[in-house]
Amino acid sequence: MSILDYSALELSKEIKAGNIGVAEATKAVLDHINNTDKNINAFITVADERALQKAESLQKQLAEYRGKEAELSPLFGVPFAVKDNICVKNMRTTCASKILGNFVPTYDATVVSRLESAGAVIIGKTNMDEFAMGSTSETSAFGITKNPADTDCVPGGSSGGSAAAIASGMAYGALGSDTGGSIRQPASYCGVVGLKPTYGRVSRYGLIAYGSSLDQIGPMGKNVEDVAAILDIIAGHDKNDATSADLEGGCFADACVEDVKGLKIGIPKGYFAEGLDGKVKETVLAAAKTLEEKGAIIEEFDLGFEEYAIPAYYTIASAEASSNLERFDGIKYGYRTKEFNGLHNMYKKTRSEGFGPEVKRRIMLGSFVLSSGYYDAYYLKALKVRALIKEAFDRAFEKYDVILGPVAPTTAPKIGTSLTDPLKMYLGDIYTISANLCGIPAISVPCGSDDSGMPIGLQLMGKMFDEKTLIRTAYTFEKARV
Ligand code: GLN
């Protein structure tokens, strides 16, 4: 067994037992990145030196803990990757955009400082869709990321680099961000586990904002236990994020038990209608059957409002994006055009040259729906629809503990086939965006593959702040599959 085959929790155990050195594991990962990432392009920045220094200092810390290793975090010594829209102090953070191509944050995101204090080694920053806008990781200014299962296919997006890094053994775990599916969908396309926590469960301090009322940082990993262990570290109240819930983190690992007896799982009929690939449908329904065999009670139901989720999401997400991205003006940080004629011309040229086409499309759409005259007709209407969708989910959760469905209508598409028709690409977010509109937690766990061997994910959505039930259900399924 190669070092790279261990799960994050297994690796940390080996490190604490003295069987593997922190630097040895870090070097193994860095070497693997060196050999493999030219074909995948999962990383925008690899921080070799910093990672090796951290590894050395952790090894010293471990020596001081001889005999009481159990006091160290379950992920002590493990190399992790961080999506490139999450700030790491003194490490270039680009959002995969030319406009932030030279941006080096002066502070750590809360999730990063929590991971590092738990003894994680941050090895680098992962590729993504520019400003997390996209579903394929093809809109990056740093080149396309490829799917390790088939390099002709996309890894999904926007956290495609994080998912591809884990799937190819270039990281034991990673942080992603999910505004409308960006953790779950790439996890599904690459065959790894991804969890979007409840809005407010994990601090967004240091996450470069896309749609602030939808964005949530979450863990991605090789299995459910790893993901629960990462969540244990990053969750919990943070005074630096006004929307952070005043709840303690911790104890998600305890939810990794095989028990779904009597658990009520609802399957929205609308999620299995037109547009869903036959093989994906079959595989996801087979997963539901597995959970039923383990004692869960499965029932189909009418959720309602499914067809309004995409228009509401793209209206709200674009509106928030247009406002959030106003700050990139060539003055405060990031790229500035070389030649200009006066202030307005500088703004205009900087933003025209600095942003890619998908980001510009969202800024224009967002500015339009917020403009006077259209605000009521589009933005306000979308907010009302959001409230109705939330009510539909609240009603469903009166009857069910978990809602089960696919993550995406298809497996990973071929590179180059999605961006030509953005509206069609947006439709691919149909099953994931509701969790963001409602703020509820949702997890993607591998449940099979299609005839070409491309991974398929199972999505489980839960009640607000009930990540534990999701983790328990996903864990039970994962074990039943093995
Ligand atoms: N694909 C969706 C979008 O482009 C979701 C992206 C995300 O979750 N960051 O907005």
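The values are calculated or read from the model by the stated rules, or taken from the named source; none is laboratory data. As the structure is a computational prediction, the values presented were derived from the model and not from experiment. Cβ coordinates were reconstructed from backbone atoms using ideal geometry, including for glycine residues, and neighbour counts include every protein chain displayed.
Take the conditions (1) farther than 18 Å from A229 by Cα; (2) buried (at least 22 other Cβ atoms within 10 Å of the Cβ); S12 misses just one of them, which is (1). Residues in the range 408-418 that are more than 12 Å from the ligand (Cβ to nearest atom) and in contact with a strand residue (DSSP E or B) (Cβ under 8 Å, 6 or more places away or on another chain): T411, A412, P413, K414, I415.
Under 6 Å between Cβ atoms, at least 6 apart or on separate chains: pull out the pairs that start in the range 426-452 with a residue that is under 14 Å from I316 (Cβ atoms) and part of a loop (DSSP other than H, G, I, E, B) and end on any residue that is at pLDDT 95 or above and within 12 Å of the ligand (Cβ to nearest atom). Close Cβ pairs (under 6 Å, with a partner that is at pLDDT 95 or above and within 12 Å of the ligand (Cβ to nearest atom)) amount to D429/G180; D429/G181.
Could you tell me which numbered condition I456 fails, if it satisfies all but one of (1) within 12 Å of the ligand (Cβ to nearest atom); (2) of a type in the set (A, V, I, L, M); (3) closer than 17 Å to P406 by Cβ? Only one criterion is unmet by I456, namely (1). Considering only residues in the range 298-344 that are touching a residue at least 24 places away in the same chain (Cβ under 8 Å) and on the phi > 0 side of the Ramachandran plot, the one that is surrounded by the fewest Cβ atoms within 10 Å (Cβ to Cβ) turns out to be G304. Considering only the range 148-162, state which residues are over 15 Å from T36 (Cα atoms) and away from the ligand (no atom under 16 Å from the Cβ). Within the range 148-162, D152, C153 meet the criteria. In this structure, does I471 turn out to be closer than 22 Å to S182 by Cβ, of a type in the set (V, I, T), assigned to a helix (DSSP H, G or I) and over 20 Å from the mean Cα position of the chain (by Cα)? The answer is no for I471. Of all residues in the range 419-443, those satisfying the criterion of being farther than 20 Å from A474 by Cβ, more than 10 Å from the ligand (Cβ to nearest atom) and at pLDDT 95 or above are I430, L437.
The single condition among (1) surrounded by fewer than 24 Cβ atoms within 10 Å (Cβ to Cβ); (2) within 15 Å of the ligand (Cβ to nearest atom) that T145 does not satisfy is (1).
How about the range 163-282: which strands (runs of 3 or more DSSP E) wholly inside it have at least 2 residues that are away from the ligand (no atom under 13 Å from the Cβ) and buried (at least 24 other Cβ atoms within 10 Å of the Cβ)? Once the strands (runs of 3 or more DSSP E) in the range 163-282 are filtered for at least 2 residues that are away from the ligand (no atom under 13 Å from the Cβ) and buried (at least 24 other Cβ atoms within 10 Å of the Cβ), what remains is 173-177, 193-196, 217-221. Hey, can you tell me all the residues within the range 44-76 that are part of a loop (DSSP other than H, G, I, E, B), under 27 Å from the mean Cα position of the chain (by Cα) and farther than 28 Å from K146 by Cα? The answer is L72, S73, P74, F76. Condition first: basic (K, R) and either within 16 Å of the ligand (Cβ to nearest atom) or crowded, with 19+ Cβ neighbours inside 10 Å (or both). Now tell me which residues in the range 345-364 satisfy that. Once the filter is applied, which keeps residues that are basic (K, R) and either within 16 Å of the ligand (Cβ to nearest atom) or crowded, with 19+ Cβ neighbours inside 10 Å (or both), the range 345-364 yields R351, K360, R361, R362. Taken together, the criteria place V29 among residues that are surrounded by 17 or more Cβ atoms within 10 Å (Cβ to Cβ) and at pLDDT 95 or above. The condition of being modelled with pLDDT of 95 or more, of a type in the set (K, R) and touching a Ser or Thr at 6+ places or on another chain (Cβ under 6 Å) holds for K294. Can you tell me which residue is farthest from the ligand (Cβ to nearest atom) among those in the range 122-142 that are of a type in the set (G, A, S) and buried (at least 24 other Cβ atoms within 10 Å of the Cβ)? Top of the filtered list is G124. Here R114 passes the criteria (1) crowded, with 24+ Cβ neighbours inside 10 Å; (2) in contact with a helix residue (DSSP H, G or I) (Cβ under 8 Å, 6 or more places away or on another chain) except the one numbered (1).
As a summary of the residue check, A81 satisfies the conditions (1) under 26 Å from the mean Cα position of the chain (by Cα); (2) surrounded by fewer than 16 Cβ atoms within 10 Å (Cβ to Cβ); (3) small (G, A, S) except for the one numbered (2).
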